[in-house]
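K.L.:
I have a structure here, written as structure tokens, and I will follow up with some questions on it.
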Amino acid sequence: MIGRRLPLGVVLLLLPAVLHAAGKGRVLIGNRVAVGVEVARTEAEKVRGLSGREGLAADRGMLFVYETPVRPVIWMRGMRFPLDILWIRDGRVVDVVRGAQPPAPGTAPQEFAPREAVQYILEVPAGFVERHGIVRGDPVEIGLEETAR
């Protein structure tokens, strides 16, 4: 209804879904492995990433999108589960990190950077790369849903 206000309790219940309502898409790796992704485009979405979550389904990931190729440094701050990280440029996997671990209590988080500038970073559950035989040079197709910002 137009003009109707939601009770505060309903707003608070919906808030986590809204905060994680980044764009969505699909990534196809090596012409054989499909991953449904949440898309992080804004700086706030990239900083938040997957921090604080308990895990990801085996066929899900988060895709970080950069308008121009960059060499971003990412870290595992606030992470609760290990990840595999795929660095992507020009439709190819250009670098891979397997089993990036969340920091132990009281320790600084690890930092990771690609070998070269990239347009996308794909974070997936640890073990994904090995399970699917993904290697540097594999082709990558990215399909993103358009979202109003």
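The values are calculated or read from the model by the stated rules, or taken from the named source; none is laboratory data. Predicted, not measured: the structure shown is a model, and the values here were computed from it. Heads up, the Cβs are rebuilt from the backbone with ideal geometry, glycines too, and the neighbour counts pull from every protein chain shown.
K.L.:
Out of VAL37, VAL73, I need the residue that is of a type in the set (A, V, I, L, M, F, W, C) and either under 22 Å from PRO105 (Cβ atoms) or free of Cβ contacts under 8 Å to residues at least 60 places away in the same chain (or both). Which one?
P.N.:
VAL73
K.L.:
Here's something else I'd like to know. Within the stretch 42-63, take every residue that is out of contact with any Leu (no Cβ under 8 Å at 6 or more places or on another chain) and crowded, with 19+ Cβ neighbours inside 10 Å and give me the one that is nearest to LEU28 (Cα to Cα).
P.N.:
GLY49
K.L.:
Something else about it: Determine, yes or no, whether PRO105 is in contact with a Leu (Cβ under 9 Å, 6 or more places away or on another chain) and surrounded by fewer than 22 Cβ atoms within 10 Å (Cβ to Cβ).
P.N.:
So PRO105 does not fit the description; no.
K.L.:
Another question about this same structure. Collect the residues in the stretch 23-51 that are at pLDDT below 95 and in contact with a Lys or Arg (Cβ under 7 Å, 6 or more places away or on another chain), keeping them in residue-number order.
P.N.:
Hits for the stretch 23-51 are GLY23, SER51.
K.L.:
Right, something else. Collect the residues in the stretch 67-87 that are of a type in the set (Val, Ile, Thr) and either surrounded by 22 or more Cβ atoms within 10 Å (Cβ to Cβ) or closer than 22 Å to ILE29 by Cα (or both), keeping them in residue-number order.
P.N.:
THR68, VAL70, ILE74, ILE85 - these are the residues of the stretch 67-87 that are of a type in the set (Val, Ile, Thr) and either surrounded by 22 or more Cβ atoms within 10 Å (Cβ to Cβ) or closer than 22 Å to ILE29 by Cα (or both).
K.L.:
Within the set of pairs 6+ apart or on separate chains, which have a first residue in the stretch 47-61 that is closer than 9 Å to MET79 by Cα, a second that is of a type in the set (Gly, Ala, Ser), and C-beta atoms under 6 Å apart?
P.N.:
Matching pairs, first to second residue: SER51/GLY78; GLY52/GLY78.
K.L.:
Out of curiosity, is LEU144 buried (at least 17 other Cβ atoms within 10 Å of the Cβ), in contact (Cβ under 8 Å) with a residue 12 or more places away in the chain and within 21 Å of GLY23 (Cβ to Cβ)?
P.N.:
Against the criterion (buried (at least 17 other Cβ atoms within 10 Å of the Cβ), in contact (Cβ under 8 Å) with a residue 12 or more places away in the chain and within 21 Å of GLY23 (Cβ to Cβ)), LEU144 does not qualify.
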